[in-house]
Amino acid sequence: MAVSIALNVLDSLCQVIVKEADLFLVVEDQVKILGDQLKLMGSFLRDAERADDQEHVAIEELVIQIRDLTYEAEDIIEKYLVVARQSAFGFDRLNSKFNRLFTKNDFGRKFEAIRKQIEEIYANKKSGGTEETTEVAFHESYLDGSPLPMYRKGSYVADNADVVGFHNDIEMLVPRLIEGGTRRAVVPIVGVGGLGKTTLAKKVFNLVKSKFRCHAWVSTSQDCTSMNVLQKIVKSFTGIIEVKEIEKMLSDFLKYKKYLIVLDDIWRTDVLEDLAPHFPDDNNGSRIMFTTCLNNIALEANPNLIDPPYYLSVLNNEDSWELFHKKAFAGESCSPEWEELGRKFSEQCGGLPLAINILSGLLSEKQRTFSEWQVVLDRVSTTLKLQNRCLGMLALSYNDLPSYLKPCFLYIGVFPQDFEINSKQLIRLWIAEGLIKAEGEQTMEATAENYLCMMVDRSLVQVVRTRADGGVKTIKFHQLLRDYCISVGHKEKLFDTFKDIDSESLSLSTKIRRVVTNSGIFRYMDDESIQFPLKRVRSLLSFTIDSHRHSIDRNNFLYIKNFKLLRILNLEGASVDYLPDDIDKLIHLRYLRLGTSALKSLPLCIFKLSSLETLDIASSFIRNIPVGFWMLRELRHANFVGDTELLLPRQETSYSSLVNLQTLSTVSPKILQCLDFIDMPNLTKLGLCGDLWAHRRYIVRLFNLERLEKLKLVRLTDYRFGLYSIPKVLPQSLTKLTLCDTELVKDPMPILGKLQNLQILKLLRQSCTTEEIVCGANGFPRLQVLQLVSLSIEEWKVDATSLKSLEHLVIHYCPRLREFPKALWGVKSLLVLDLLKPGQQFKEQVESYEGRHQYKISTG
């Protein structure tokens, strides 16, 4: 049902009306009427959300009407604000403008008709004995909001996929890759969606990749061309994105090398046919493994297959129960009664790991009572009569989500298939879209991260990479889940996706709020060429999963001003070298991301975007940010590249306060000069890059940033001198510190060890040039992650009372370090020791301790 979407819009409207109260004074009566009707609809929607299945059917059409009306109300409010903010005429004309908008298309009468239907439903409910006061119910459940459960900020494991039941499959596949003939061989893995092909292939890949001189894992999709896949393979091997004669480069690179290439999720035979000539066969045992849902692709991929395709089977009952038990019961032992009930659930999943993960994720959020689980089991049985297993479990899990989580989950469908989604980007998009409402003392970012953790724990998204603190850094979406989100998202009019843009397809999308496409849409911005169909669009989203970026024609981009209600402009999938001078007409714009662009300057008008919350400009050509930057009062996150210089306001000016700014990275350290009079009270992350030596005496001013949690200091190698020494006074609020190329000639550890809240410390690439570092008594009491990378240290001393909370230690490219500190062998919290290219003496010492401690050692 459309309940969750409509409730989200209603909530946003209520917030806008309160926030922009001054602009609504001239139409106070009309807005009050509108607000009262919205409240009544919100109360009805809350009741509809709690209704049983039979009631859902009866009121579904009414709910859809309410959703559409909330969209119209949103249009009216935001169109009025466009006029009000830009208007130079009087209140009478504003009043007249609002009245025309309010009554357009008999909007007022539509509201009245819906209101009467709702009142009739409530009257019927009361006559049937259901006592409920509409106004009270709305106030408690909608305006105040029910408190959310506080989710743990867990330490997640990247690619956290269980391999239950795959042991026999692994034993069959590994010999195909590392044994057999010397001829290059193709190994297909075939199975239906949700069977675990990717999980199995990843496990096998990790087991055998060390047997090959070079190896690559490439995720593909239905939309991938052979050139897309070729670019991904070359990038995986060389790190280079754009290459001329890329086919020859791949062939030359692989020539005479024993290689393993895995292509995950192949959908078309032509992709394999086009790639085959560029994979040389030098009789050295090279292998190509791919996964697919389609048997014909596996058979046609190589007509000379020595072995038949590997057909992955469903899990048997015992393996299904083992996987379900791990997920739903967190591996805890359970009584025979609970095992009996649990087995009934696992058997309903038909041996499909994806279905088991989704169902067990749903149950993990339920109270562990027989009655509660039995209700879910009954719903499962009913659902599976109507849909296949994976889609049935997914629909069940989606319907079980709280209303505040449903739009956030569906929204992930805007990202391309196999796109590795950065959690910070997703969270900032959620916030800019108005999908997040802060809970209590939490920031919206913290609430949104809470939402993401809930989805991970429900097995609705997969963690790909984790942060140093164990939090979620990037995620991926299973194709079946993405297809479901797109289907429901289109149905609920949450967003629309276009592969090919033309005027006919656009004409069918006059009510779509969010459009996901390539930059071809900008050819249709000129409202003189066609009647502009996208006037209600709130978000334009363009992504890229390869090196090919669509260029936006300057003449077409001029018409961006026609998107008057636009909130999101995400153009990381396009090449942008110009921003129109009248972009400030987009008064509702909250999020602007240009990805890797060729933009050389920012127009001054951009700093009139009074609603802008995220400004993400990844262009190395931009050297200076005009002083107008300090006028963006709503700005929460600002990201630039390199040593971008923020032109600073004069001390006597009054616009030097960015009270909402949380992230500022990376900018020239020149900003340190003004920290005494620039007010950024909520800044939690700061990245400084450039000439640290020239501004070294100002670094102590960082102490003024009382909430600073993450600090990164990078010296560009263009500058001759480093930082020399770390300042004795740094904010005690710091939880993460990264130093790179700072060339400290004094050991920083005695000072840094006194930071009581520091959890992550990264000393990277000549951050310090001392031969010895010393972690003194009681130093680093909360440090969990320590990275020492590309340092010239020879000796490292650690006091027995230091680093007592250390969990993850990384030592890469420190060949002169002779000994591992003996005090660390006894640190009980240490779980992982990650070594890469250690010196011979150091390596031998660590190997001699192998098996005599509790933590995992990884040596490269």
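What does the C-alpha gyration tensor say about the overall shape of the stretch 299-419? Classify as rounded when a/c is under 1.5, otherwise prolate if a/b is larger than b/c, or oblate. Oblate is the answer for the stretch 299-419, as a/c is 1.5 or above yet b/c matches or exceeds a/b. Summary of packing: across the peptides 15-24, 312-321, 253-262, the per-residue average of other C-beta atoms within 10 Å ranks them, highest first, as 253-262, 312-321, 15-24. Computed with a 1.4 Å probe over protein heavy atoms only, the accessible surface of the stretch 709-816 comes to 43 Å² per residue.
Ligands, DNA and RNA excluded, the heavy atoms of His490 present near 70 Å² of accessible surface to a 1.4 Å solvent probe. For the residues Lys424, Lys244, a 1.4 Å probe over the protein chains yields an accessible-area ranking, largest first, of Lys244, Lys424.
Legend: calculated FRET efficiency, Phe621 to Arg379, from the Cβ-Cβ distance at R0 = 51 Å, rounded to 0.05, equals 0.35. A simple spin-label model places pseudo-atoms 7 Å from Cα toward Cβ; at Lys491 and Asn206 they are separated by 3.6 nm.
Pairs exceeding a 21 Å alpha-carbon distance, out of Lys202/Lys473; Lys235/Lys712; Lys473/Lys728; Lys79/Lys437; Lys754/Lys843: Lys235/Lys712; Lys473/Lys728; Lys79/Lys437; Lys754/Lys843. Extension gain, Ala777-Asp582: 0.36 nm per intervening residue step, less the Cα-Cα distance, totals 64.2 nm. If the chain linking Arg818 and Gln840 were pulled fully straight, counting 0.36 nm for each residue of separation and taking away their Cα-Cα distance, it would gain 7.1 nm. Share of carbon and sulfur in the accessible area of the stretch 548-669 stands at 46%, probe radius 1.4 Å.
Within the stretch 745-772, find all residues whose amide N lies under 19 Å from a label point positioned 7 Å from the Cα of Thr801 along Cα-to-beta-carbon. Correct set: 749-758.
What is the distance in Å between the Cα centres of the stretch 418-440 and the stretch 806-839? Rounded to whole Å, the Cα centres lie 36 Å apart. Taking a ≥ b ≥ c as the square roots of the eigenvalues of the Cα gyration tensor, the stretch 215-357 is classed as prolate, since a/c reaches at least 1.5 and a/b is larger than b/c. Among the trypsin sites (Lys or Arg not before Pro) found in the stretch 452-502, those both in a DSSP coil and sparsely packed, with 10 or fewer other Cβ atoms within 10 Å of their Cβ, are Lys499.
Does the stretch 702-780 classify as rounded, prolate or oblate by the C-alpha gyration tensor (a ≥ b ≥ c root eigenvalues; a/c under 1.5 gives rounded; else a/b over b/c gives prolate, otherwise oblate)? In terms of gyration-tensor shape, oblate. Each residue of the stretch 203-211 was assigned a 3J(HN,Hα) from its phi angle through the Karplus curve 6.51 cos²θ - 1.76 cosθ + 1.60 (θ = phi - 60°); the sequence is 5, 5, 4, 5, 6, 10, 4, 5, 7 Hz, with glycine and proline shown as x. With contacts taken as Cα pairs under 8 Å and at least 6 residues apart, the stretch 739-860 reaches a relative contact order of 19 percent.
Full extension of the segment from Cys214 to Arg697, taken as 0.36 nm per residue of separation minus the current Cα-Cα distance, would add 169.1 nm.
The values are calculated or read from the model by the stated rules, or taken from the named source; none is laboratory data. From a predicted model like this one, the values you see are computed outputs, not experimental measurements. Virtual Cβ from ideal backbone geometry, glycine too; neighbours counted across all protein chains shown. When the accessible area is computed, the model is the full protein with side chains, heavy atoms only, and any ligands, DNA or RNA have been set aside. Shrake-Rupley method; radii C 1.70, N 1.55, O 1.52, S 1.80 Å.
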